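Below is one structure, written out as structure tokens; the observations come after it.
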Amino acid sequence: MPAVQETVDRVRRIDVDQYRYGFETLIESEKAPKGLSEDTVRFISAKKNEPEWMLQWRLEAYRRWLTMREPTWARVDYPKIDYQEIYYYAAPKPKKQVNSLDEIDPEILKTYEKLGIPLREVAMLEGIEPRVGETDPVKSKIAVDAVFDSVSVATTFKEELKKAGVIFMPISEAIREHPELVQKYLGSVVPTSDNFFATLNSAVFSDGSFVYVPPGVRCPMELSTYFRINERNTGQFERTLIIADKGSYVSYLEGCTAPQRDENQLHAAVVELVALDDAEIKYSTVQNWYPGNSEGLGGIYNFVTKRGDCRGRNSKISWTQVETGSAITWKYPSCILRGDNSRGEFYSIAISNGFQQVDSGTKMLHLGKNTSSRIISKGIAAGKSQNTYRGLVTAHRKATGARNFTACDSLLIGDKCGAHTVPYIEAKNSSATFEHEATTSKISEDVLFYCTQRGLSEEEAVGLVVNGFVKDVLQQLPMEFAVEAQKLISISLEGSVG
Amino acid sequence: MALLEVRDLHVRVEDREILHGLDLTVNAGEVHAIMGPNGSGKSTLSHVIAGKPGYEVTDGQILFKGEDLLAMEPDERAAKGVFLAFQYPVEIPGVATMNFLRTALNAQRKARGEDEYSTPDFLKKVREVAKSLNIPQDMLKRGVNVGFSGGEKKRNEVLQMALFEPSLCILDEMDSGLDIDALRIAADGVNALRSPDRAMVVITHYQRLLNYIVPDFVHVMSRGRVVKSGDKQLALELEASGYAQFEDAA
Amino acid sequence: MNLVLAKTDTERAVSNVFATARDRLPGAGEVAEARRRAFEAYERAGLPHRRIEEWKYTDLRALMREVAPLAGRPDAAAITRAKAALELVAVDGAAKLVLVDGVFVPELSGIAELGAGISVRTLREILENGANDARSDLLLTSTTDAVISLNTAMVTDGVVISVADGTALSRPIQIVHVATASSASAFTRSHVKLGKAARATFIESFVAAEGASAYQANDAVILWVGDGAELSHLRVVADAADAVNISSGIVTVGAKAKLNLFNMTRGGAVSRYQVFITLAGEGSDLSVNGINLLKDKQHGDTTLVVDHAVPHCTSRENFRAVVDDRGHSVFQGRIIVRPDAQKTDGKMMTRALLLSDEAEADNKPELEIFADDVTCGHGATSGALDESLLFYLRARGLCEKDAQALLIQAFLGEAIEEIADESLREFVMAQAERWLEVRR
């Protein structure tokens, strides 16, 4: 495994408090007044120059939210959130319309550079050769719609996408430019009344990505957005909507890092995916928000609602996630398998260390005939963290021929952490075939001994085992993402041995 | 009267027609080989004769000892003397082979209005047959085919054939997954069961098996029909020239 | 989340039943006080419903439309009918302790057959006349489960069994609950304590006398398996088709002990067996298994919590459900491994076989693990009978029903074979075959 040596080097270099991506970019920002009220909602809507229908949609969500309670069923424990102590909107002050990377605030570009995830598209735009290991320059293209705090500041590759007819833009723009598409699909997968956090998001979402792939089009490149949370006490409420029309295909990458903070930051994103007949959406995430320090202080609270609707026949939605950050992760990317023969997939690596708490999994709702789903979940708990897989698989009465396979494995590193598995498996017709298996174990002493006897350090040996443990999921990621993810996993587990 | 008579058989699976008017006549005492490339419909024929669900017969008929086989349930066909040796015998965990053999044998005898075997008679019969096929006793205690090697599974099929004494044996790709020694043991078992009252239909892709079970007739199937029939020489010709010549004939 | 909800009609009926019955319940003073506290605890929670996580799939508010009044003392005719019903769950050689409509009936019971080293008293006798501390202890439980609180409040009788250290009982003890009264409820609780290195077989059965219908049983069994002791525990729920049976088990297992527990549900409109097992001593072996056989509109729920509180214990759980018609099977199984419980080895398997399009099976196997040096796992499957196996059997001459029955038996056999005691194993297989016969 080639990454091992690099992994080990990194682990050696970094200790718990040296959250590599913890720095702050000093740029002016414009904030909404602190707290949440109808006025806040109106402020946000006005800032975005939204049409009246959008404002009404938000207000309806806000009023619904007032009647809802924060859910408590997840295995996460955090101090009560004061929703009036949060800023719901912050934007870098608009300087001028941005047309190319050159025009972006150099501070922001530097931020990306420090992250180690630069806008490498700069190079690609110049027609530079692909890096070693990347043989197909077209395949490795990534279009970036960078969300900096809450506003998209750069959009690249617009031309090529435009040629293919793919719409990829900040959702705030789509609301203005493609209202018919937004009105048709927004809230159609995650309704405004769905759950406490999704409803909150519906009221105050700031920005996010919008993707529409027309019928029969295979999106010519991977679409990608890097999210950064950068403003003290700013809740981040992205809203993403991706529609794959009949017979189309799109792969979307989402990556997140956030600077170090002492105070907790609330994040409540909503992602909606719609796949029509014969369409396929692949959605990949690497999440690496600030997990809090070695004492368990700070860190992001990540309450995310991600749901895909396989609305058409033979449609497919595949979620892949690598979750290493956040103090609290509450996240269940799900698939509604409505179309006959549709397929849902969920591949997950969830790593917790320090005082992190993860409660994540998926829901596979089989509604159509001959639908299938597959769940592969790998949880790794280290330090004093708690790591829970929570998943629902259900086949309705009419979902004849439904099939699911689930494998969730947990690995414990150290004796102060916890790994939990909570599957709900509901078969409501006899032709549904479900198979579920779960294991929990630690790294075998025999394996460690074997490796150390062959000259590896204990950390190297652990890295080796962990890499093997998560391999099935890493393989699902696009190549360049997989490399980053592997680095991230090693960094996340740093200090967990010995 | 022929033992088995297949006339103008048309069979569909879902929306696709697999057999397009197949004819085959098998008399007692004969051994017929059915050869053909993959996808020619050989296994479909065996499944339809045995009554496997999922196949729709849209036209034609199958007569067995003059009776309409297609009107019968799979277990009725078994009781009448139709035996299919499966290409892939299934594993049935939790059902001990011995228990399975007795239950099946007595169900067939009961359906024919014969007395059920007493336990000692049954045990004696199984032991004899098992011994002749070199099947160890502990294999009979295990779940049906559970943990059996490929050769053991096929021998278990032959064991059942010997025990149930059917009048028509259909051997579906009996040689698949067997090495030469395992094949010889299984074939010897089959040859021991050849008799004037019993017919065999040997389905195979390769001529190799026919060196051990020598057929009286050879039929070549292609694209859902019998395109050529002959004696065992035909199999040797096929071995030399392959199936390509028949692809167009169909 | 403690939602404060208005009482449902059913809940109001439960309160009325308690108010009407409380003066007739055995035990005064501290016992009455314990009942009052328990009833308050129950009322705070109300009847369990789907928003209580542990009762997600068994919503008693929806499933229990009627609440039956407490059954009266059985008369001579009832006892005669009960006696006839005992045959249905007879186990060879077992010494029977019979509770009819929630009341211990000595003339049907065989305490004398049990021999030396064992003491058997009735719960009623202790509640009414026992020493103070003994009485209140019997009503103490560590759980906050609402149906157990209700049991504490309403319990009328049961047996309190103690097996002395080192005693090996020569014959099984069998508690048989017989319902003779229709539309009546019975609340029973029994304590079984096995001393150090004792050995016993303990069977609990539920059965209806002819003509008894629409009755409701709420039973609790509190079990202690002492250090080095070995216990085989079998439960057979063969209630009337329209009965409700909510049973709870609270089990504590000492060190180097063995517990082999099997639950079979093949009757009742609504059945729930919830058992909470704590492995409290090192080096113990636990095997908990069961089968649910459900048809018509039966609802059968097995809920299991295995708490590995100490290191070096092994637990194995193996459950099978066969569901026909519009039956609904629920299995919830949680393995907890506490922070110190290193070297725990826990494995759970649950499988459901759905025989009809409208059958339903919900499985929730859980792992809750706080120690790292463990090997734990679970598996769950659900589906119909394998078509290819059915065809193979039919091609060998078995008719459809026989082929199904053979595969179902094999499927159930995977759980039944875990029963350590051979005669109990055969007893359960026979009961399962009887269910399959009726189905055919």
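Restricting the calculation to alpha carbons of region C:385-440 gives Rg and Dmax of 12.5, 36 angstrom.
Once the C-beta distance of B:TYR88 and C:SER15 is scaled by a Förster radius of 60 Å, the resulting FRET efficiency is 0.45 to the nearest 0.05. In the context of the full set of protein chains, region B:1-153 has a per residue accessible area of 45 Å² (1.4 Å probe). The packing ranking, built from the mean of other Cβ atoms within 10 Å per residue, places the peptides A:195-207, C:385-397 in the order A:195-207, C:385-397, highest first.
Determine which lysines satisfy two conditions relative to A:LYS246: a Cα distance under 21 Å, and not lying fewer than 8 residues away in the same chain. Partners found: A:LYS162, A:LYS163, A:LYS184, A:LYS282, A:LYS316, A:LYS369.
Please grab the % of Cα pairs in region B:4-249 that end up more than 29 Å from each other.
Details: 8588 of 30135 pairs.
Value for region B:4-249 (Cα pairs over 29 Å): 28 percent.
Counted over region C:28-281, the DSSP beta bridges are approximately 10% antiparallel.
Calculated FRET efficiency, C:ARG326 and C:THR375, Cβ-Cβ r, R0 45 Å, to nearest 0.05? Mind showing how you got there, number by number?
Details: r = 39 Å, r/R0 = 0.86.
With R0 = 45 Å, the Cβ-Cβ based efficiency is 0.70.
Computed with a 1.4 Å probe on the full set of protein chains, the accessible area for A:VAL286 sits at about 10 Å². Scanning residues 5 or more positions from A:ARG403 or on other chains, those with amide H under 5 Å from its amide H are A:THR371, A:SER372, A:SER373, A:THR433, with H placed 1.01 Å from N in the peptide plane.
To the nearest 500 deg cm²/dmol, what mean residue ellipticity at 222 nm is calculated for the protein assembly as shown from DSSP H runs of n ≥ 4 alone, each contributing -39,500 (n - 2.57), summed and divided by the residues?
Numbers: 32 runs with 332 residues, N = 1188.
Mean residue ellipticity, 222 nm, calculated: -8500 deg cm²/dmol.
Whenever you get a sec, line up A:TRP53, A:TRP330 from highest to lowest accessible area (probe 1.4 Å, protein heavy atoms). Each step should come with its number before you reach the end.
Values: A:TRP53 70, A:TRP330 15 Å².
So the residues, ranked largest to smallest area, are A:TRP53, A:TRP330.
Computed from backbone phi with θ = phi - 60° and the Karplus coefficients 6.51, -1.76 and 1.60, the 3J(HN,Hα) list for region A:70-81 is 5, x, 10, 6, 6, 8, 9, 9, 8, x, 4, 8 Hz; x is used for glycine and proline. Over every Cα atom in region C:325-440, the radius of gyration and the widest Cα-Cα span, Dmax, amount to 17.7, 56 Å. Taking every residue in A:437-447 and counting other chain Cβ atoms within 10 Å of its Cβ, the average works out to 5. Per residue of peptide A:414-421, the mean number of Cβ atoms on other chains within 10 Å of the residue Cβ is 6. Between the listed residues A:LEU456, C:ILE175, B:LEU3, the Cα displaced farthest toward the positive end of the dipole of the protein assembly as shown, a dipole computed from Cβ unit charges relative to the Cα centre, is found at C:ILE175. Overall, the anisotropy analysis places chain C in the rounded class: the square-rooted eigenvalues a ≥ b ≥ c of its C-alpha gyration tensor yield a/c less than 1.5.
Taken as Cα centroids, region A:399-455 and region A:268-328 sit 20 Å apart, rounded to the nearest whole angstrom. Each part reduced to its alpha carbon centroid, region C:179-236 and region C:19-74 end up 19 Å apart.
Histogrammed with a bin width of 10 Å, the alpha carbon distances of region C:246-308 distribute as 21, 46, 23, 9, 1 percent, first bin at zero.
Go ahead and run the numbers for FRET between C:LYS401 and A:ARG397, Cβ-Cβ distance against an R0 of 30 Å, rounding to 0.05.
On the way: r = 25 Å, r/R0 = 0.84.
For R0 = 30 Å, the calculated efficiency reads 0.75.
Only protein heavy atoms count here; on that basis, with a 1.4 Å probe, A:ILE336 has an accessible area of about 20 Å². Summarising the strand pairing of region B:4-249, around 55 percent of its internal DSSP beta bridges are antiparallel. Shown are B:GLU5, C:GLU43, B:GLU14, C:GLU437, whose ranking by accessible area with a 1.4 Å probe and every protein chain present, most to least, is B:GLU14, C:GLU437, C:GLU43, B:GLU5. Extent along the principal axes, Cα only, for region C:28-281: 47, 38, 36 Å, with the longest axis given first. Projecting label points 7 angstrom from Cα along Cα→Cβ for A:LYS416 and B:GLN233 puts them 8.8 nm apart. Model label points for B:ASP181 and B:GLU128, set 7 angstrom from Cα along the Cα-to-Cβ axis, are 2.9 nm apart. Note on C:ASP357: accessible area approximately 110 square angstrom, rounded to 10, probe 1.4 Å, nucleic acids and ligands left out.
Arrange the residues B:ASP115, A:ASP194, B:ASP138 by how much accessible surface each exposes, largest first, with a 1.4 angstrom probe. Working shown, then result.
Values: B:ASP115 125, A:ASP194 50, B:ASP138 85 Å².
Putting B:ASP115, A:ASP194, B:ASP138 in descending order of accessible area: B:ASP115, B:ASP138, A:ASP194.
Dipole magnitude for the protein assembly as shown: computed about the Cα centre from +1 point charges on Lys and Arg Cβ and -1 point charges on Asp and Glu Cβ, it is near 1260 debye.
Charge dipole of region C:385-440 (Cα centre as origin; +1 on each Lys and Arg Cβ, -1 on each Asp and Glu Cβ, all else neutral): 360 debye, rounded to the nearest 20.
Taking every lysine pair in region C:28-281 that is 8 or more places apart or spans two chains, those with Cα atoms closer than 24 Å amount to 8. Its residue count N sets the reference 2.2 N^0.38 Å, and the alpha-carbon radius of gyration of the protein assembly as shown equals 1.07 times that reference.
For region A:31-77, state which trypsin sites (Lys or Arg not before Pro) are in a DSSP loop and have at most 12 other beta carbons lying within 10 Å of their beta carbon.
On the way: sites: A:LYS31, A:LYS34, A:ARG42, A:LYS47, A:LYS48, A:ARG58, A:ARG63, A:ARG64, A:ARG69, A:ARG75; in loops: A:LYS48, A:ARG69, A:ARG75.
Answer in residue order: A:ARG69.
What total accessible surface area, summed over both chains, is buried at the interface between chains C and B, computed with a 1.4 Å probe and given in Å² to the nearest 100?
On the way: alone 18200 and 11690 Å², together 28060 Å².
Answer for the C-B pair: about 1800 Å² buried.
For the protein assembly as shown, the antiparallel share of DSSP beta bridges with both residues in that region comes to about 15%.
When 1/r is averaged over all different Cα pairs and the result inverted, which Kirkwood radius in Å belongs to region B:155-250? Can you show the working numbers first?
Numbers: mean 1/r = 0.0699 Å⁻¹.
One over the average 1/r among Cα pairs gives 14.3 Å for region B:155-250.
Net charge dipole, region C:99-232: roughly 180 debye, given to the nearest 20, about the Cα centre with Cβ charges of +1 for Lys and Arg and -1 for Asp and Glu.
For the segment A:404-413, counting C-beta atoms of other chains within 10 Å of every residue's C-beta and taking the mean gives 2.
The values are calculated or read from the model by the stated rules, or taken from the named source; none is laboratory data. Note that the coordinates shown come from a computational prediction; the quantities given were computed from them, not determined experimentally. Quick reminder, even Gly has a Cβ in these numbers, built from the backbone with ideal geometry, and neighbours come from all protein chains shown. Heavy atoms of the whole protein, side chains included, go into the accessibility calculation; ligands, DNA and RNA do not. Shrake-Rupley method; radii C 1.70, N 1.55, O 1.52, S 1.80 Å.
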